[in-house]
Amino acid sequence: MSVTEQKREYTVKDFGSDQDVRWCPGCGDYSILSAVKKVLAEAGVPPEQYVFISGIGCSSRFPYYMSTYGIHSIHGRAMAVATGLKVARPDLHTFVITGDGDALSIGGNHTIHTLRRNVDITILLFNNQIYGLTKGQYSPTSPFGKKTKSTPMGSLDQPIAPMAIALAAEATFMARTIDMHPKHLMATVKRAMEHKGTSFVEIYQNCNIFNDGALAYAQDRKVRAENVIELEQGKPLLFGKDMNKGIVSEKGHLKAVRIGEDGITEDDVLVHDEEDSESYHAMLTRMRYPELPEPIGVFRAIERPTYEDLVNGQIERVIERKGKGDLQKLIVGRSTWEVHEDEAEAGKG
Amino acid sequence: MSLEAQPKTPKEVEELPQVTIRFAGDSGDGMQLTGTQFTNASAIFGNDVSTMADFPAEIRAPAGTVYGVSGFQLQFSSSAIYTPGDVVDCLVAMNPAALKVNLAELKHGGVIILNEDGFTEQTLKLAGMDRNPIKDGSLGKYTVHSIPMTQSTLRACEEVGLTGKEAGRCKNFYALGVVCWLYSRPLEPILDFIEMKFKDREQLREANKRVLRAGYYFGETAELFTRVFRVRKAHLPPGVYREVHGNEALAIGLIAAGQLANKPIFYGSYPITPASDILHELARHKQFGVKTFQAEDEIAAICAALGASYGGALGVTASSGPGIALKAEALGLAVMVELPLVVINVQRGGPSTGLPTKVEQADLFQAVLGRNGECPLPVLAARSPSDCFEVALEATRIAVKFMTPVMVLSDGFIANSAEPWCFPNTGDLDPIEIEHTDEPNGENGRFLSYKRDEWLARPWALPGTPGLTHRIGGLEKQDVTGNVSYDPENHQRMVNLRQAKVDKVAEFVAEQEIMNDPDGTAEMLVVGWGSTYGAIRESARRLLRKGVRVAHVHLRHLNPFPRNLGAIFEKYRDRPVLVPEMNKGQLATLLRSKYLVDTQHLEKVQGRPFTTVEIMDAAEELLAAKGAKK
Ligand code: SF4
């Protein structure tokens with residue numbers, strides 16, 4: 001963004017397009033759209049500085065509903081498109097909007113490689129554990145045994161944990177949040193945007209048509225406190241309505257305990273650290289309901305140079321050393337010879 | 001002038017108009033390097049040259065086996081030539097397998113130079129030979145020079161201090177020295193090359209120089225050779241020349257396009273034979289602001305290039321047939337979102353993995369038709385290594401002018417062949433003008449992302465520009481506004497518009513020229529595209545010498561066809577039309593369907609280019625058949 005750009009106040013309206021939103025009424029996508037618009041309005045950067053890139057799926061209609069630049073690309077490929085854009089134009093704030101099928105099935109490869117490169121983009125993965133747009137087949141995050149149209153006897157695939165994949169792919173920022181928890185959602189998106197590098201945000205999203213309530217344990221405010229832990233930097237991993245339960249590590253395994261029982265005090269509870277360590281972050285990614293409460297918030301945030309900075313840095317270094325490229329020199333190459341007029345004859349063409 | 005061959009021992013010097021040499025050995029023997037250096041020396045000497053590399057798909061197939069043989073053929077000539085030669089005049093074979101694989105193409109009475117030390121009981125067995133051909137007289141109809149190259153090489157670098165193994169690896173330079181002497185080539189360019197290549201490795205530098213000279217002096221002093229050959233300088237059009245390979249010329253062309261457009265090139269690519277050298281070449285030239293991106297797969301490569309184009313860079317991706325197949329869906333997206341993109345296919349033998357290192361032209365249908373939906377895009381083909389430069393430039397011009405992906409077809413033959421290139425002066429190259437919209441083009445300050453210009457191109461508005469925010473995507477667009485639309489009439493209109501836009505490219509590019517028929521009285525017409533250029537050109541020339549006049553049309557533009565192509569077929573209406581292709585008649589089919597012209601196709605799908613004779617024979621047969629019908 002250029003410095004001459006006037007900082008000005010923006011409202012949510014400045015970020016909405018004139019297109020009718022076509023998600024099913026009650027879909028979790030609505031609250032995510034509204035949260036993102038609110039965060040952008042608060043950021044004070046004009047809409048033309050943002051590009052939203054999506055793949056295919058319900059969530060991927062998202063760019064059409066924003067007044068920013070955007071590409072509704074093809075199934076699974078949003079991150080590849082975004083990588084090219086960001087390398088070409090590091091000045092733009094680039095978002096990827098994707099889903100569990102888009103990012104973890106057909107586009108799984110790009111997810112891994114975008115993360116390991118640490119391209120400075122923000123990935124919002126709407127995880128509803130189902131294929132919505134194609135009307136209800138199981139997805140890579142659907143639980144084993146899930147009965148859907150394509151698996152009338154239950155799915156035979158072990159579900160994958162998006163966060164575990166992100167960590168294995170060397171993610172520098174990973175977070176989880178929930179469509180029905182707007183305050184948390186906004187705070188998480190804001191943190192993700194501010195991170196320099198690939199930020200990977202898994203958003204639990206309710207598909208009320210094909211998979212209603214699949215994530216209710218985390219979404220429903222009445223039970224949420226018992227089933228999720230809100231991670232906060234430097235704070236102990238406490239949960240429960242009365243915040244009287246915690247997570248301890250026992251011989252490298254995580255265990256939920258009640259403070260005050262069996263002589264356990266708050267000091268025994270693990271303290272969250274976004275920067276350290278990989279093995280701790282790995283344990284967080286493996287915490288699954290109902291065995292354990294599921295963490296939400298920022299799992300991990302570390303610093304590493306971004307891919308586009310490295311790419312452009314190499315170019316700058318070469319230019320510093322050799323000067324800008326000279327096209328004529330390149331065309332001439334290493335050795336030439338001349339054919340003179342008098343040697344020439346009816347020619348070659 | 002020191003080493004330009006003036007044989008000190010008086011030997012007979014025979015002048016030859018042109019010579020074809022093939023160097024053959026194990027893939028680890030350095031035959032490609034040897035051939036390249038000989039080519040370079042010949043080009044600098046002033047001959048016209050044309051080369052062909054023929055190597056196995058395996059990097060180091062088991063030594064000594066026939067499938068591990070790597071070959072490099074070149075023709076050098078005192079007049080203009082267009083092919084690496086039909087038959088081989090001189091075969092250099094480093095082992096029995098190399099001899100066995102290549103002997104069939106050596107002409108009767110041709111010269112064979114053998115590494116005697118390479119013919120051991122073991123290597124003979126590996127090549128499946130019962131007897132040693134050096135000793136059993138089976139090579140009687142050739143002039144055979146059997147030289148103990150390995151031993152001589154070891155002796156030559158005795159004092160340099162290399163291990164025996166390292167020294168042995170220099171033997172290709174010994175062979176090169178011998179051949180340089182035999183064909184009166186100067187050693188200087190090769191010595192310069194050694195100097196540069198082994199700049200930091202003194203021992204190897206010294207060893208290779210000694211070995212090269214040793215080979216050369218061996219020729220001079222040995223009784224083996226009774227005469228040497230000389231091929232005079234070629235009479236090429238005046239100008240300054242360099243030697244260039246196809247993939248290299250593509251890379252230089254892309255960089256030039258970026259410079260002329262004042263835009264950075266973003267090159268997304270996944271390694272694949274025979275296209276990878278474009279990536280290697282571009283990665284070496286970052287000082288031009290080129291951004292090379294080795295993607296995780298073919299799909300990411302094209303998608304990233306498209307994303308870069310959206311941001312205002314010149315997005316380029318390249319691959320070979322299997323990779324292009326993977327890119328097909330993204331190509332459809334590029335057609336739909338109407339962004340500039342250059343997609344290069346260095347074709348190889350197919351289908352599937354096919355023949356990775358061999359040549360074929362069977363991806364024409366894939367380029368023109370190979371996507372879902374009505375999905376037209378311009379297709380251009382390069383006809384020779386140096387033509388790749390021009391084609392890369394023209395493809396970029398079309399891509400940005402028409403806001404469209406453009407497919408460029410090259411092939412494994414062009415990619416790895418070299419020829420002299422009378423390169424242009426950058427000052428003479430037209431700039432590539434690009435306009436980025438910076439103001440709303442609709443009423444009330446609205447931006448209409450699919451409002452077209454006179455060429456039917458939509459505006460290229462860059463993210464970051466205030467007031468022009470818009471969303472593009474793969475869903476059908478409403479005409480003018482670019483909003484998503486499922487309206488039936490609109491879909492028909494948009495399909496028509498996309499087609500009309502691509503058709504308009506024919507108005508933008510040059511008319512098709514006809515070669516070899518200035519007065520329009522040729523007896524027949526030969527139509528070709530791509531790397532068959534040299535073989536067809538040469539056939540037409542030779543036929544002319546026999547009194548047969550053949551017009552030659554060589555298409556660069558395969559979609560849309562040149563605007564005067566219909567008129568050309570009209571002109572040759574009563575005469576046979578021959579279409580030689582390294583496929584089962586794909587261009588012939590397209591021409592038949594578009595122009596209702598009775599094309600006769602000549603096919604070859606053997607992983608090898610046409611020989612001149614094959615095309616001459618087909619032309620003569622066709623003429624004879626026509627004569628018989630009369
Ligand atoms: S199908 Fe499900 S995910 Fe898709 S829009 Fe409807 S509710 Fe939302």
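The values are calculated or read from the model by the stated rules, or taken from the named source; none is laboratory data. Computed from a predicted model, the values in this text were never measured in an experiment. Quick reminder, even Gly has a Cβ in these numbers, built from the backbone with ideal geometry, and neighbours come from all protein chains shown. Accessible surface is based on the protein model in full, side chains and every heavy atom, while ligands, DNA and RNA are left aside. Shrake-Rupley method; radii C 1.70, N 1.55, O 1.52, S 1.80 Å.
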Computed log₁₀ I(q)/I(0) - Debye formula, equal Cα scatterers, no solvent, segment B:187-242, q 0.23 Å⁻¹: -0.91
Nearest 10 degrees, 0 to 90: helix B:246-261 Cα axis against chain B principal axis: 40
Accessible carbon and sulfur surface of the protein assembly as shown relative to its total accessible area, %, 1.4 Å: 50
Isotropic mean projected area of the C-alpha convex hull, segment B:117-234 (nm²): 9.3
Amide H within-cut-off set for A:I296, under 5 Å, with H built and near neighbours excluded: A:I229, A:E230, A:L231
Global geometry of segment A:30-94, whether rounded, prolate or oblate, following the gyration tensor of its Cα atoms and the 1.5 cut on a/c: oblate
Estimated buried accessible area (total), pair B and A, 1.4 Å, Å² to nearest 100: 6000
Selection of trypsin sites (Lys or Arg not before Pro), segment B:263-325, meeting DSSP coil and at most 16 other Cβ within 10 Å: B:R284
Dmax and Rg, reported as Rg then Dmax, of segment B:524-629 (C-alpha, Å): 12.9, 36
With at most 15 other Cβ atoms within 10 Å, longest stretch of chain A clear of loop trypsin sites (Lys or Arg not before Pro) (DSSP): A:23-134
Estimated vicinal HN-Hα couplings, Hz - segment A:122-128 in sequence order (Karplus 6.51, -1.76, 1.60; Gly, Pro = x): 10, 9, 10, 9, 7, 9, 10
GluC sites (Glu not before Pro), loop per DSSP, at most 14 other Cβ atoms within 10 Å - longest free stretch of chain A: A:10-231
Anchor B:K286: lysines whose Cα lies under 20 Å away (excluding residues fewer than 8 positions away in-chain): A:K86, A:K322, A:K324, A:K329, B:K263
More than 38 angstrom apart: percent of Cα pairs within chain B: 39
Quarter of the Cα convex hull surface for segment B:449-557, i.e. its orientation-mean projected area (nm²): 10.7
Per DSSP, loop GluC sites (Glu not before Pro) in segment B:38-116 with at most 14 further Cβ within 10 Å: B:E58
Principal semi-axes in Å for segment A:12-220 [√(5λ), Cα gyration tensor, largest first]: 26, 19, 15
Estimated inter-spin distance, A:R8 and B:Y67, nm [label 7 Å along Cα→Cβ]: 6.9
Cβ-based charge dipole, segment B:380-508, positive-most Cα from B:N425, B:G412, B:Q478: B:Q478
C-alpha long axis of helix B:488-508 to longest principal axis of chain B, angle in °: 50
Shape of segment B:443-508, Cα gyration tensor, a/c cut at 1.5: oblate
Helix-only mean residue ellipticity at 222 nm for the protein assembly as shown, each DSSP H run of n ≥ 4 adding -39500 (n - 2.57), per residue, nearest 500: -10000 deg cm²/dmol
Distance between segment B:230-278 and segment B:156-217 - C-alpha centres, whole angstrom: 29
Mean projected area (nm²) of the alpha-carbon convex hull when segment B:324-365 is viewed from all directions: 3.3
Qualifying trypsin sites (Lys or Arg not before Pro) for segment B:75-141 [loop in DSSP, other Cβ within 10 Å: at most 15]: B:R131, B:K135, B:K141
Cα-based shape type of segment B:246-423, given that a ≥ b ≥ c are square roots of the gyration tensor eigenvalues and the cut on a/c is 1.5: rounded
Over segment A:240-315 - Rg/Rh using Cα atoms and the Kirkwood inverse-distance radius: 1.17
Whole-number D in µm²/s for segment B:25-174 (Stokes-Einstein; Kirkwood sum over Cα pairs; 25 °C, 0.890 mPa s): 152
Calculated on alpha-carbon atoms, Rg and Dmax of the protein assembly as shown in Å: 33.1, 110
Cα-Cα separations in chain A greater than 35 Å, expressed as whole percent: 31
Longest to shortest principal axis, alpha-carbon extents of segment B:332-395, angstrom: 35, 29, 13
Amide H contacts under 5 Å for A:F200, placed H, 5+ residues apart: A:I123, A:F173, A:M174, A:A175
Nearest-ten-degree value, helix B:202-221 long axis tilted from longest Cα axis of chain B: 60
Estimated FRET transfer efficiency (B:R284, B:D453; beta-carbon r; R0 45 Å; 0.05): 0.75
For segment B:518-527, Karplus couplings with θ = phi - 60° (6.51, -1.76, 1.60), whole Hz, Gly/Pro x: x, 9, x, 10, 4, 7, 7, 10, 10, 10
Computed E for A:Q314/B:A624 - FRET, C-beta separation, R0 60 angstrom, nearest 0.05: 0.45
Interchain or long-range residues, amide H under 5 Å from B:L106's placed H: B:V88
Solution diffusion estimate, µm²/s, Stokes-Einstein, segment A:268-349, Kirkwood Rh from C-alpha pairs, 37 °C, viscosity 0.692 mPa s: 167
For segment A:248-287, the fraction of alpha-carbon pairs in successive 5 Å shells from zero, as %: 6, 22, 31, 22, 14, 6, 0
Vicinal HN-Hα couplings computed from phi for segment B:510-517 (Karplus, 6.51 cos²θ - 1.76 cosθ + 1.60; Hz; Gly/Pro x): 5, 6, 6, 9, 10, 9, 6, 8
Lys/Arg +1, Asp/Glu -1 at C-beta; segment B:246-423 dipole; positive extreme among B:P351, B:A283, B:P322: B:A283
